[in-house]
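None of the figures in this text is laboratory data; all of them are computed from the coordinates on show. Computed from a predicted structure; not experimentally measured. No Cβ is skipped: glycine too gets one built from the backbone with ideal geometry, and neighbour counts run over all protein chains shown.
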Amino acid sequence: MDELNPYETLRVLVADDSDYMRLLLRTMLRGLGIDAVDFVESAEQAVRYLRRAMPDLLITDLKMPGMSGLDLARHVRRSEGSLNPFLSVLMLTGHAGAAEIEAARDAGVNEFLAKPVSVLALGSRLAEIVQRPRRFVRSPTYFGPDRRRRSAKYQGDDRRVQEAYYTTPEQIELFVEELRSRMSDGPVTRVAESESVGGNPVREATVSG
């Protein structure tokens, strides 16, 4: 990647219960110039991680044992315990039917990616998140990125209500930077380097409490 790589400063958390997918995503993200990547094996671990660390992007599988990726996205967006409800969320799934896509949209994810994942497709979704950030919409029935980025008319709940509140990408960036500065002296998640398949190191986040 060249010196103008827009992703090299990103901090990413990956939540996936598959050893293979964690390694694959690590390799792909590294190929895109992203080295600051932590991994957890469940949505529950991700929730604990997000109490202590401040990634720029969450990549989560949709279906995991226990708490699902949809539940995790809803926690990020709507839970009172969520430190950063504006966190970018990219959801992966091996079942990319209309029902899954609609459920992910309603949970407030930024982008949706079907498996098998390719570097090209992952890079395309990252470009949408990083280079073309959406405004956020808060209404009585929805909180998440505005779906009206393109010219096509969107008929979802966040488009029907009159009392929706919009947050610009600039306002979101200021919010995140202020929160990150407040967390700078707080507890951080310990991260261990562990060797995995092919000798590629994978950073597994150790979370507790």
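Just a few scattered comments:
- Between amide H atoms placed 1.01 Å from N, distances below 5 Å from Gly144 occur with Val137, all of them 5 or more places distant or on a separate chain.
- Taking a ≥ b ≥ c as the square roots of the eigenvalues of the alpha-carbon gyration tensor, the stretch 1-92 is classed oblate because a/c is 1.5 or more while a/b is no larger than b/c.
- Three-way shape label, the stretch 73-128, alpha-carbon gyration tensor, a/c 1.5: oblate
- Looking at the stretch 42-127, the DSSP beta bridges with both ends there are about 0 percent antiparallel.
- Across the stretch 55-63, rounded Karplus estimates of 3J(HN,Hα) from the backbone phi angles (6.51 cos²θ - 1.76 cosθ + 1.60, θ = phi - 60°) give x, 8, 8, 10, 10, 10, 6, 6, 9 Hz, Gly and Pro being marked x.
- Between Ala98 and Arg135, the contour length at 0.36 nm per residue exceeds the alpha carbon distance by 10.9 nm.
- Protection proxy ranking of 49-60, 123-134 - average other beta-carbon atoms within 10 Å, highest first: 49-60, 123-134
- Per-residue packing, averaged as other Cβ atoms within 10 Å, sorts the ranges 87-100, 64-77 into the order 64-77, 87-100, beginning with the highest.
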